[in-house]
1. Filter segment 5-18 for residues that are in contact with a strand residue (DSSP E or B) (Cβ under 7 Å, 6 or more places away or on another chain) and closer than 15 Å to residue 57 by Cα; which is surrounded by the fewest Cβ atoms within 10 Å (Cβ to Cβ)?
2. Looking only at segment 111-128, decide whether some residue is at pLDDT below 85 and either within 30 Å of residue 184 (Cβ to Cβ) or part of a strand (DSSP E or B) (or both).
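The values are calculated or read from the model by the stated rules, or taken from the named source; none is laboratory data. None of the values given here were measured: they were computed from a predicted structure. Counting neighbours? That spans all protein chains shown, and the Cβs are built from the backbone with ideal geometry, glycine included.
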């Protein structure tokens with residue numbers, strides 16, 4: 001049986017070795033390399049075939065979104081799982097938008113790592129269970145949602161928001177419906193009050 005070739009990318013050597021140790025119990029997975037930064041990652045990818053990259057979300061001087069964008073262009077066949085100590089839903093949304101197929105917390109156990117790797121290997125998205133938080137602020141919102149709220153709160157129409165953000169009107173309407181549902185609000189008037197209360201716009 002062909003093993004899934006996994007490359008670990010983390011600037012903390014001890015953590016990477018811990019993940020490698022957890023995965024060693026699975027015969028279907030082989031850790032083929034470890035990198036401490038993006039340069040080392042690319043050098044390894046140039047030399048050997050890799051199925052999945054498990055990428056640390058926070059490495060000094062490196063932006064995970066930029067790394068994902070680079071990998072998507074240069075190595076589209078490689079699938080990426082991002083691991084983070086941050087349990088904010090907004091980060092998970094951003095890495096998926098940038099091209100990752102998996103998102104795991106660094107507290108994940110061996111079983112969850114195995115499940116994520118096999119899911120992503122077959123082309124499916126995998127996201128760990130994130131802790132539920134009360135909707136009392138805008139930390140639940142992704143970048144697009146924040147921009148849409150700011151535009152609508154300044155009185156822009158759906159058409160104007162679409163033009164400003166280079167989106168389709170239908171997408172703006174869909175996003176707005178999702179935002180209202182997520183924040184448990186009824187209309188754009190309440191949304192504007194929410195934006196003011198959370199200091200998302202300046203009066």
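1. So the residue we want is 11.
2. Kept after step one, since they are at pLDDT below 85, are these residues of segment 111-128: 128.
The next check asks that each one be either within 30 Å of residue 184 (Cβ to Cβ) or part of a strand (DSSP E or B) (or both); those that pass are 128.
Within segment 111-128, one or more residues are at pLDDT below 85 and either within 30 Å of residue 184 (Cβ to Cβ) or part of a strand (DSSP E or B) (or both).
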